[in-house]
Amino acid sequence: MHRIVEAEGRTTAGGASIVGGLALRAGLAGPTGCVTELPDLRGPALPAFADLVFGGHDLATTPLCKRAEALADAGVIPWRLVAALRDELGVVEQELRPAPVGDTQAERAEAVVRDLTSFRDRHELDRVVVVNVSATEPAPRPHPAHADPAALRAALDGPDEVLPVSSLYAYAAVLAGCPYVDFTPSTGLRLPALAALAEEARLPYAGHDGKTGETLVKSVLAPMFAMRNLAVGSWSGVNLLGGGDGATLADPAANAAKVQSKQRVLGETLGYVPQGGTRIEYVEELGDFKTAWDLITFSGFLGTGMRMEFTWHGCDSALAAPLVLDLARLTAAAHAAGQVGPLADLGFFFKDPLGTPTHSLGEQWARLTAFTRQLHDGGDSDHDNVG
Ligand SMILES: NC(=O)c1ccc[n+]([C@@H]2O[C@H](COP(=O)([O-])OP(=O)(O)OC[C@H]3O[C@@H](n4cnc5c(N)ncnc54)[C@H](O)[C@@H]3O)[C@@H](O)[C@H]2O)c1
């Protein structure tokens, strides 16, 4: 039996993926939006939905059922699923833990390790995949202990907040022997000391920041401009969103971390950075439904100027939740196959993919299908994916 732990179980994205996972497990919903159910990816290496068990940590204490009702009220998930899954949601509720307490960060990490290992032991699971779907953090202040595992261990015993919270959970995941996925733009496992510890523990990990809306469209369109040798002069985007994520991103520091994550695709796909930028604005009224509007100016043969605009209206959690389940299944299979380090072949899912400069959705798809085929064929289980 495999298990997913979502680091934060009551989030909008986390709550929707738990309801969605339970609905799939009970056969109450189809897998629309789950790419691992496409014929090119489906296969025996991936844990079945029926084998997934859910748990998590969250600062918020709203009962999961109430959270699911709020999602249904907002039109994010169907009411009939909340009604049909009340008992199952109650069972998952027993597996949600508050944020850890302790005088030092080492003590808090140990508390998370105890939660993870007891979860794994009680349910006799093969593995636990930790998925971070917590609120976006600002970029952390650099600390010398971020560079070295021994220095990090020593510093965590002291009074300082050495690691941002996302990295403390990632550290705990590694100590507990759990593969890790970061669906957010936060630091997570992206520190040299943590990467070294993950490698030492022979663990795979994936990230960063789920690609579900405007950046997803950009990663399809930007390669088109590049392949047709059209010169993009400017690309400006405005994202209007509400919900918890929108409220978090109203903070300028968290906003800056997210914008940085969204910007990489253009420079790295086109080979130059056009004018313009990406703005994110909080509009409470929009809830979990996001509108992104992009204006692109470009020139063709003999300098003829042209423009294109697109508008994206997406329900963030309905787009994110199936990908969270996909990532848990794929990362579990990679761990079972002995893969170690950043899973560059999962770049398809992320705005700021680890271990690969490839931002083009088409190239990422080709890598993902080859990777999954290899997992299903049982090939190359000693392959280290360290990039
Ligand atoms: N389409 C999407 O929904 C999407 C796409 C890409 C990335 N993301 C990222 O996923 C994350 C979650 O998005 P969301 O819309 O679910 O946000 P949300 O605000 O609804 O949920 C955030 C949750 O994190 C919890 N939390 C905050 N700090 C915590 C801590 N220290 N320990 C435990 N829990 C903590 C909060 O209590 C809250 O439940 C964000 O970082 C967002 O940028 C979401």
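The values are calculated or read from the model by the stated rules, or taken from the named source; none is laboratory data. Quick caveat, the model's predicted, so the values are computed rather than measured. Backbone-built Cβ (ideal geometry, glycine too); neighbour counts: all protein chains shown. Calculation scope for accessible area: heavy atoms of the full protein, side chains included, ligands and nucleic acids excluded. Shrake-Rupley method; radii C 1.70, N 1.55, O 1.52, S 1.80 Å.
Identify the residue in the stretch 50-66 that is more than 21 Å from the chain's Cα centre (by Cα) and not basic (Lys, Arg) and, among all such residues, is surrounded by the most Cβ atoms within 10 Å (Cβ to Cβ). It comes out as Cys65. Tallying residues that are within 16 Å of the ligand (Cβ to nearest atom) and in a helix (DSSP H, G or I) within the stretch 115-134 yields 3.
The test for being of a type in the set (Val, Ile, Thr) and either closer than 24 Å to Cys315 by Cβ or open to solvent by less than 40 Å² (accessible area, probe 1.4 Å) (or both) holds for Thr32. The set of residues from the stretch 192-245 being under 30 Å from Cys178 (Cα atoms), in contact with a Ser or Thr (Cβ under 8 Å, 6 or more places away or on another chain) and away from the ligand (no atom under 16 Å from the Cβ) comprises Leu194, Pro204, Tyr205. What about Leu216, is it within 19 Å of the chain's Cα centre (by Cα) and either in contact (Cβ under 8 Å) with a residue 24 or more places away in the chain or buried (at least 19 other Cβ atoms within 10 Å of the Cβ) (or both)? The answer is yes for Leu216.
Of the strands (runs of 3 or more DSSP E) entirely within the stretch 230-320, those holding at least 2 residues that are modelled with pLDDT of 90 or more and over 22 Å from the mean Cα position of the chain (by Cα) occupy 231-241, 289-299, 305-315. Residues considered: Ala231, Ala257, Ala222, Ala247. Of these, the only one that is of a type outside the set (Phe, Trp, Tyr) and in contact with a Leu (Cβ under 7 Å, 6 or more places away or on another chain) is Ala222. Each residue in the stretch 135-157 was checked for being open to solvent by 20 Å² or more (accessible area, probe 1.4 Å) and more than 16 Å from the ligand (Cβ to nearest atom), and 13 pass. Of the residues making up the stretch 36-49, those that are in a helix (DSSP H, G or I), under 22 Å from Cys178 (Cα atoms), at pLDDT 95 or above and open to solvent by 10 Å² or more (accessible area, probe 1.4 Å) number 0.
Looking only at the stretch 315-331, decide whether some residue is hydrophobic (A, V, I, L, M, F, W, C), closer than 30 Å to Leu240 by Cβ, open to solvent by 40 Å² or more (accessible area, probe 1.4 Å) and within 16 Å of the ligand (Cβ to nearest atom). Within the stretch 315-331 (the criterion being hydrophobic (A, V, I, L, M, F, W, C), closer than 30 Å to Leu240 by Cβ, open to solvent by 40 Å² or more (accessible area, probe 1.4 Å) and within 16 Å of the ligand (Cβ to nearest atom)), the answer is yes, since at least one residue qualifies. Pull out all pairs, ordered by first then second residue, where Cβ-Cβ is under 7 Å, the residues are six or more apart or on different chains, the first lies in the stretch 336-355 and is farther than 16 Å from Leu189 by Cα, and the second is of a type in the set (Phe, Trp, Tyr). If the second residue must be of a type in the set (Phe, Trp, Tyr), the pairs left are Asp345/Phe371; Phe348/Trp365. Scanning the stretch 334-363 for residues that are part of a helix (DSSP H, G or I) and either at pLDDT below 95 or crowded, with 23+ Cβ neighbours inside 10 Å (or both) gives Ala334, His335, Asp345, Leu346, Gly347, Phe348, Phe349, Leu361, Gly362, Glu363.
For beta carbons closer than 8 Å, sequence separation of 6+ or different chains, a first residue in the stretch 18-34 that is farther than 16 Å from Val91 by Cα and a second that is among the small types (Gly, Ala, Ser) and outside any loop (DSSP other than H, G, I, E, B), the qualifying pairs are Leu28/Ala84; Ala29/Gly20; Ala29/Ala23; Gly33/Ala318; Gly33/Ala321.
What are the residues in the stretch 50-69 that are in a loop (DSSP other than H, G, I, E, B), out of contact with any Asp or Glu (no Cβ under 9 Å at 6 or more places or on another chain) and closer than 15 Å to Thr12 by Cα, if any? If you could, list the steps in order and put the result at the bottom.
We begin by selecting, within the stretch 50-69, every residue in a loop (DSSP other than H, G, I, E, B); these are 52-53, 58-63.
In the following step, the residues that additionally are out of contact with any Asp or Glu (no Cβ under 9 Å at 6 or more places or on another chain) were identified as 52, 61-62.
Thr61, Thr62, listed by residue number.
The residue list Gly14, Gly33 contains one member that is at pLDDT 95 or above, within 14 Å of the ligand (Cβ to nearest atom) and not in a strand (DSSP E or B), which is Gly33. Of the residues making up the stretch 196-213, those that are part of a helix (DSSP H, G or I) and open to solvent by less than 30 Å² (accessible area, probe 1.4 Å) are Leu197, Ala198.
Looking across the stretch 273-320 at every residue that is among the small types (Gly, Ala, Ser) and in contact with a Phe, Trp or Tyr (Cβ under 6 Å, 6 or more places away or on another chain), the one that is nearest to Gly233 (Cα to Cα) is identified as Gly276. Would you tally the residues in the stretch 246-275 being away from the ligand (no atom under 13 Å from the Cβ), open to solvent by 50 Å² or more (accessible area, probe 1.4 Å) and either without any contact (Cβ under 8 Å) to a residue 12 or more places away in the chain or more than 20 Å from His208 (Cβ to Cβ) (or both)? Summing the residues that are away from the ligand (no atom under 13 Å from the Cβ), open to solvent by 50 Å² or more (accessible area, probe 1.4 Å) and either without any contact (Cβ under 8 Å) to a residue 12 or more places away in the chain or more than 20 Å from His208 (Cβ to Cβ) (or both) in the stretch 246-275 gives 5.
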